[in-house]
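Colleague: A single structure is presented below for examination.
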Amino acid sequence: MYNHTGTQFFEIKKNRPISGLLEVAKDMIRESLPIKCLEAIILGIYLTNGMLGVERFPISFKTQFNGNYHRHVVLGIYHGGKYGALGMSRREDLMYKPLVYKTLSELIMDYERAYRKYWHDVKKIKIGIPVSHDPHSYEFIQWKTLTLNRSRMMQHELIKEVDGHSKEIRSKGMLREFESPTFHRKSRSWSVPQSNSPRKSRSFVDLDTVSFSKGSRSQGTHSSFNQAIKLYTGTESIKETPSSPKKKEKDDLTEYQIRI
C-alpha cells in the first residue's frame, strides 16, 4: 500500500550496508505499514534475493513540475535477456514494468513517456549496478554508477549511454555466477601412468583409497602397474628373496641401541 500520510514509517539510509537494509525489509513485512518508492526498493531486493539469474539495480529519476523538483526510484530487473522493473508510485505506469523490454533503453524511454503524460520534465536519470544476493553482505548499493543529464542529451545519445551501461550490468551478473560455489565442479584425472615403478606411479593413485605399507615401499620394481596395486592393497603377498637373509635379533637390538 502506498503511503499517502506524508510520514515515513521506515528510515532508509542509502549509505547503510545491504545486510542492514534487509533487516529493515523484515520490519516492513512484520509491521505491514504503508511505504513509498524508496522503501519499496529495499523490499523488492529482499523478496527477490536468491533468485538465480535475476539481476537487480536501482533506477532513479529527477523531474520538474510546476517549478518543483520530484524524485522517484524503481528497482530495475534483468533476467533471461529481458528488462523490467519493480516499484511503487501513485501512478500505475511509474512503478511496475513487466519483464518484456529487449533493451534497458526501451525501459527508460517508457518511463519518460509516462512522465510526459503527467507534464513532468525529466532532468536527470541515474542507474546503478547489480545488488549482491548475499543477505549478509557489507557492500553498499551503488545508486548512481551512471548519471545522465537528460536536458543536455539527444535521444540517440541516451540510447547509446544506457545500452552501454547495460553491458556492465550483464557482465556483473555473469561474473557473480562464475564466482558462485555451485558453478565450480571438482575434476579428477584417471590417466594411467606409463612407468612400471610403484614409487613413481604412487602420485597417480588416490591416496584416500589405497594404503601403502612399509614393507611394500621397500620392495623392488614389479613387472606391471596392476601387480603394484595388488601388492599395495594386500591381495598379493611379498615373496622373500634368498639373497636377503634375515639378520639376527641380537644384531637388530644392537643396531637399534646405537641409533638411539
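The values are calculated or read from the model by the stated rules, or taken from the named source; none is laboratory data. Because the structure is predicted, anything quoted here is derived from the model rather than measured. Note that each Cβ is placed from the backbone with ideal geometry, even for glycine, and that neighbours are counted across all protein chains shown. Heads up: the accessible areas ignore ligands, DNA and RNA and are worked out on the full protein's heavy atoms, side chains in. Shrake-Rupley method; radii C 1.70, N 1.55, O 1.52, S 1.80 Å.
Colleague: Within the range 46-63, how many residues are open to solvent by 10 Å² or more (accessible area, probe 1.4 Å), hydroxyl-bearing (Ser, Thr, Tyr) and outside any helix (DSSP H, G or I)?
Modeller: 2
Colleague: Six or more apart or on different chains, Cβ atoms under 7 Å: show the pairs whose first residue is in the range 12-30 and under 20 Å from residue 130 (Cα atoms) and whose second is open to solvent by 10 Å² or more (accessible area, probe 1.4 Å) and of a type in the set (D, E, K, R).
Modeller: Every condition considered, the pairs that remain are 17/139; 18/139.
Colleague: Within the range 28-45, which residues are surrounded by 14 or more Cβ atoms within 10 Å (Cβ to Cβ) and not hydrophobic (A, V, I, L, M, F, W, C)? Outline the logic, then answer.
Modeller: We begin by selecting, within the range 28-45, every residue surrounded by 14 or more Cβ atoms within 10 Å (Cβ to Cβ); these are 28, 33-45.
Hits for the range 28-45 are 34, 36, 39, 44.
Colleague: Sticking with this structure for a sec: Collect the residues in the range 125-146 that are farther than 16 Å from residue 20 by Cα and either acidic (Asp, Glu) or open to solvent by 70 Å² or more (accessible area, probe 1.4 Å) (or both), keeping them in residue-number order.
Modeller: 144, the sole residue that qualifies.
Colleague: Moving on to the next point. With the checklist (1) of a type outside the set (Val, Ile, Thr); (2) touching a strand residue (DSSP E or B) at 6+ places or on another chain (Cβ under 6 Å); (3) closer than 21 Å to residue 145 by Cα in hand, flag the one item residue 98 doesn't pass.
Modeller: (3)
Matching residues to (1) assigned to a loop (DSSP other than H, G, I, E, B); (2) farther than 13 Å from residue 58 by Cα; (3) of a type in the set (Phe, Trp, Tyr); (4) free of Cβ contacts under 8 Å to residues at least 12 places away in the same chain:
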{"residue": "108", "(1), (2), (3), (4)": "no, no, no, no"}
{"residue": "135", "(1), (2), (3), (4)": "yes, yes, no, no"}
{"residue": "139", "(1), (2), (3), (4)": "yes, yes, no, no"}
{"residue": "143", "(1), (2), (3), (4)": "yes, no, yes, no"}
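Colleague: Return the total of residues in the range 1-45 being of a type in the set (Gly, Ala, Ser), at pLDDT 95 or above and assigned to a loop (DSSP other than H, G, I, E, B). Working first, answer last.
Modeller: Just the residues of the range 1-45 that are of a type in the set (Gly, Ala, Ser), to begin with: 6, 19-20, 25, 32, 40, 44.
Then keep just the ones that are at pLDDT 95 or above; that gives 19-20, 25, 40, 44.
Narrowing the set further to residues that are assigned to a loop (DSSP other than H, G, I, E, B) leaves none.
The total comes to 0.
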